[in-house]
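Trainee: Before I ask anything, here is the structure I am working with.
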Amino acid sequence: MTEQQQHLAGLLEQRQTIVTEINELNSQISAKRELVLRAQGAIEYLQQVGVTLPEPEAEAPAEGEAVEPEVVEAPPEGEG
């Protein structure tokens, strides 16, 4: 086999490998799309029947953490 023929054979093999990988990725995309649609359907159902998540609470400072005081500026003299 000539060098050019070997190069062609290598390229054909590389192309087939890439096509196989693309097909596998498309299969994974389809499966993930189906999972997203199922999750979205479940979310919509739960929201329609009134299920809600609790509101996040304001985080209290951890024990030992310094709390920054709020700085309130006094109005300039002669005002207010």
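Trainee: Which residue pairs have Cβ atoms closer than 9 Å, lie 6 or more positions apart in sequence or on different chains, and pair a first residue in the stretch 35-51 that is without any contact (Cβ under 8 Å) to a residue 40 or more places away in the chain with a second residue that is among the acidic types (D, E)?
Mentor: Taking only residues 6 or more apart or on different chains, not a single pair turns up.
Trainee: Of the residues V49, V67, V72, only one is among the hydrophobic types (A, V, I, L, M, F, W, C) and modelled with pLDDT of 95 or more; which?
Mentor: On the way: V67 fails: modelled with pLDDT of 95 or more; V72 fails: modelled with pLDDT of 95 or more.
None of the other options fit; the residue is V49.
The values are calculated or read from the model by the stated rules, or taken from the named source; none is laboratory data. All figures in this text were calculated on a predicted structure; none of them were measured in a lab. Glycine also receives a Cβ, built like all others from the backbone with ideal geometry; neighbour counts cover every protein chain displayed.
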